[in-house]
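*Asks:* Quick one: the structure is below, questions incoming.
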Amino acid sequence: MQYPSIRDLKTGGKRIFLRADLNVPIEDGKILDDTRIRSVLRTIRYLIEQGSPVVLASHLGRPKGRIVPDYSMKPIAEKLKEILTETRILFARDCVGKRVEAMAAGLGPGELLVLENLRFHPEETANEPGFAKKLAVLGDIYVNDAFGTSHREHASMVGVPEILGGGYVGFLVEKELRVFGELIRHPRKPYTVILGGIKVSDKVAVIENVLPKLDNLIVGGAMAFTFYKAMGLEIGTSIVEEDTIQTAKDIIQAAEERGVNLILPVDIVCAPSKDHGDEAVVRRFDDLPADMAGFDIGPESIELFRRTMLKSKTIVWNGPMGLFEIRPFDVGTRQLAAFMADATSYGTIAVVGGGDSMRAVREAGVAEQITHVSTGGGASLKLLQGEELPALEHLRIDGVKPFVGANWKMNGSLSMGIEYLTMLDDGNVNYFGADVVLFAPFTLLAAFAPLAEKAGIHLGAQDIFWEEKGAYTGEISATMLKEAGCSWFLAGHSERRHTLGETDEIVRKKVKAGLAAELSCVLCVGELLEQREAGKTEEVIRGQLESALSGMEDADPYNLVIAYEPVWAIGTGKTATPDEVQRIHGLIRLWVAEILDKEFAGEVGIIYGGSVKPSNAAEVMSGKDINGALVGGASLRADSFIEIVAECHW
């Protein structure tokens, strides 16, 4: 599923209704953790820098439809004033009504109005249409950067975008969707999910959805006792969900049938009650005292979980291992937080799924050392269940986002690039709705990086080498490309295949190395004239796809684009008809479905890499399976390239 990104939004100075999740901990009027505030700053700055007034809405705590002074948004408005010192920030003492409407209407360009707590009104959580209308009049364009509440069907989340005819996702939501999209579709193996907390019932849908792709399922926290009970073990006075014992049995059986390692704690920290930590003892899982309850995992379990985590390539963790708010029952959870950071340092994709787990990694001081710490526990669980977030339904757009690449080949200079990127910026190419990548010579990339970022253009490398370092004269590694500002690379381009003799095996090495380094790839495939005339077009292209993508665990629709290059039609005077181009693109999508899977094939971009010019771009792009273009000679002139990008839209 695709959603319009804020990066594609040109506001034109219109007033923005920005829904954020600023539900931060506050004590005596002071903010204890401003992480959620800082997570939305990029979106706020992006909007006000375009000269738009911004109306910022959020909830805070659970006031249950009443005005509770302790849950006022005023401290958040004050905090934003401290951070955004150049911005005029106002605070409204309500979130709806004539006074608020007047304040919103009176905002100047780049000014910010912070609304009072949305949940002071019961109509917010009830998604009352009249309340949604009162909120909607405060803005012209809707932006959702509230990932943490996107699983809620509240007025500000679903009612307002429905009234305003859709909207955009902010940078935070976009990042969260990308991370969880990759986890759901194509996790790197071995794949481990760690679930904790109290209730099995809260996690059943997640387990059912992820189990087919899992290698290891670790269950800790109070959830483990329901599994012990399902196994016929005594659990003392530990918490158990009696009505999910059969569910636990079903999960045990399903894991065994699918070859998934279901890992439960092997020892437990027990105590008479949570208030008697000084009497805590460690017992084996099958020898729990009848008069005690389990409140944490023991040292042997911690070591078992650690070994499993460090052998994994992808880890998702949601839920604490014990009653971590109270010592000494915090050890297991805090140790897992440290292990998540360790795993990340070894190249593992480690994701913390919000809630108490997020709190644990932040208190442990390792949040910045982990691949991704989600801002939404409930929302992340919803995604892991394979469901769409209700708040995004009115933003969804169908189809594959267009991609246009400018391949300069061995052309260009520093001065040319500066002028070129300036023209793309002035021409607002970033707002045309396509991802745009400039594949410039390696020597120019680092110098182009600041201008490319300003213009909203990605930089790509024309080649990559599969080794990280060593005696490989003239070659360039993935790390070098990333340091130069690259996020994309080409692999299998026709000129490298047929002029420089690159084999399918070499192309696969390059694809694998680049994706493993978290770069994105344009994989080029195509046939020569003699292969076409011999009737081998389909055999050649399918073979190139199979060689590059079979078993390629790091590939997903977010980091891969396939470019069809009919080599026989490049610089020969021969042309491929739009019908022929569409036919081959359709076959490529079919073959990708067979090589990887149908869902991947439906979401991956497939672009045309044969002689695209302003004069034929619209006709070439007319096919339903053609999602953009890789442009050669016509990309050397900024004005020509801008015309081509303009033809590549949703």
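*Asks:* Using only protein heavy atoms and a 1.4 Å probe, report how much of residue 231 is accessible, in Å² to the nearest 10.
*Replies:* Surface accessible to solvent at residue 231 totals approximately 100 Å².
*Asks:* In addition: If you count only protein heavy atoms with a 1.4 Å probe, what accessible area per residue comes out for the chain, rounded to a whole Å²? Let's see the in-between values first.
*Replies:* Details: 27210 Å² over 650 residues.
On a per-residue basis, 42 Å².
*Asks:* Among the listed pairs 574/598; 249/382; 64/382, which have their C-alpha atoms separated by more than 29 angstrom in this model?
*Replies:* Correct reply: 574/598.
*Asks:* Does region 333-446 classify as rounded, prolate or oblate by the C-alpha gyration tensor (a ≥ b ≥ c root eigenvalues; a/c under 1.5 gives rounded; else a/b over b/c gives prolate, otherwise oblate)?
*Replies:* On the way: a/c = 3.30, a/b = 1.70, b/c = 1.94.
Because a/c hits 1.5 or more and a/b fails to exceed b/c, region 333-446 counts as oblate.
*Asks:* In sequence order, what are the phi-derived ³J(HN,Hα) couplings for region 601-607 according to the Karplus relation 6.51 cos²θ - 1.76 cosθ + 1.60 with θ = phi - 60°, rounded to whole Hz, with x for glycine and proline?
*Replies:* So the Karplus estimates, Gly and Pro as x, are 4, x, 10, 6, x, 10, 10 Hz.
*Asks:* Go ahead and estimate [θ] at 222 nm for the chain from helices alone: -39,500 (n - 2.57) per DSSP H run with n ≥ 4, summed, over the residue count, rounded to 500.
*Replies:* Numbers: 26 runs with 241 residues, N = 650.
So the helix-based figure for the chain works out to -10500 deg cm²/dmol.
*Asks:* Which whole-number percentage describes the relative contact order of region 209-360, with Cα contacts under 8 Å and a sequence gap of 6 or more?
*Replies:* Numbers: 264 pairs, mean separation 33.2, N = 152.
Relative contact order here is 22 percent.
*Asks:* What number results when the radius of gyration of region 98-195, computed over Cα atoms, is divided by 2.2 N^0.38 Å?
*Replies:* Its radius of gyration relative to the 2.2 N^0.38 Å reference: 1.36.
*Asks:* Pulled fully out, how much extra length does the chain show between residue 205 and residue 126, if you take 0.36 nm times their separation in residues and subtract their Cα-Cα distance?
*Replies:* Extra length from residue 205 to residue 126 when fully extended: 26.0 nm.
*Asks:* Order 381-390, 50-59 from most to least packed using the mean count of other Cβ atoms within 10 Å.
*Replies:* For the peptides 381-390, 50-59, the packing ranking is 50-59, 381-390.
*Asks:* Return one quarter of the surface area of the convex hull spanned by the alpha-carbon atoms of the chain, equal to its mean projected area, in nm².
*Replies:* That works out to 31.1 nm².
*Asks:* Of 19, 542, 258, which has the most accessible area with a 1.4 Å probe, and how do the rest follow in descending order?
*Replies:* Working: 19 0, 542 70, 258 145 Å².
From most exposed to least exposed: 258, 542, 19.
*Asks:* Follow-up. Would you kindly derive the ³J(HN,Hα) couplings of region 621-633 from the backbone phi angles with the Karplus curve 6.51 cos²θ - 1.76 cosθ + 1.60 (θ = phi - 60°), listing them in order in whole Hz, with x for Gly and Pro?
*Replies:* Calculated HN-Hα couplings, in order: 7, 6, x, 5, 9, 9, 10, x, 8, 9, 9, x, x Hz.
*Asks:* Now for a separate question. What distance in nm separates the simple spin-label points at residue 396 and residue 613, each placed 7 Å from Cα in the Cβ direction?
*Replies:* For residue 396 paired with residue 613, the spin-label model returns 4.2 nm.
*Asks:* Same structure again: Ignoring ligands, DNA and RNA, what percent of the 1.4 Å accessible area of the chain is carbon and sulfur?
*Replies:* 49 percent
*Asks:* Next question, about the same structure. For region 367-509, treating each Cα as an identical point scatterer without solvent, what Debye log10 I(q)/I(0) comes out at q = 0.13, 0.14, 0.19 1/Å?
*Replies:* Computed log10 I(q)/I(0) values: -0.80, -0.88, -1.14.
*Asks:* Once whole DSSP H runs in the chain are found, which of them have Cα atoms spread over 15 Å or more along the helix axis and a mean Kyte-Doolittle score of at least -1.0?
*Replies:* Details: long enough: 171-185 (21 Å, 0.41); 245-258 (20 Å, -0.55); 299-310 (17 Å, -0.19); 331-345 (21 Å, 0.39); 414-426 (18 Å, 0.46); 442-455 (20 Å, 1.16); 504-516 (18 Å, -0.25); 537-549 (18 Å, -0.18); 578-595 (25 Å, 0.12).
Span-like helices here: 171-185, 245-258, 299-310, 331-345, 414-426, 442-455, 504-516, 537-549, 578-595.
*Asks:* In the full protein assembly as shown, how much of residue 134 is accessible to a 1.4 Å probe, in Å² to the nearest 10?
*Replies:* It works out to around 100 Å².
*Asks:* Using θ = phi - 60° and the Karplus relation 6.51 cos²θ - 1.76 cosθ + 1.60, list the HN-Hα couplings for region 396-409 in order, rounded to whole Hz, with x at every Gly or Pro.
*Replies:* 4, 10, 8, x, 9, 5, x, 9, 10, x, 9, 9, 6, 6
*Asks:* In this model, which of 311/469; 30/134; 213/311 are farther than 21 Å apart at the alpha-carbon?
*Replies:* Listed pairs above 21 Å: 311/469; 30/134.
*Asks:* Semi-axes of region 449-558's equivalent ellipsoid from the Cα gyration tensor, sqrt of 5 times each eigenvalue, largest first, rounded to whole Å?
*Replies:* 26, 16, 14
*Asks:* Given labels modelled 7 Å from the Cα in the Cβ direction, how far is it in nm from residue 553 to residue 533?
*Replies:* 4.5 nm
*Asks:* Between residue 594 and residue 66, what is 0.36 nm times their sequence separation minus the Cα-Cα distance? Round to one decimal in nm.
*Replies:* Stretched out fully, the residue 594 to residue 66 stretch lengthens by 184.5 nm.
The values are calculated or read from the model by the stated rules, or taken from the named source; none is laboratory data. Treat the numbers as computed from the prediction; the structure is a model and nothing was measured. All Cβ positions, glycine included, derive from the backbone under ideal geometry; neighbour counts span all protein chains shown. For accessibility, only protein heavy atoms count, side chains too; no ligands or nucleic acids. Shrake-Rupley method; radii C 1.70, N 1.55, O 1.52, S 1.80 Å.
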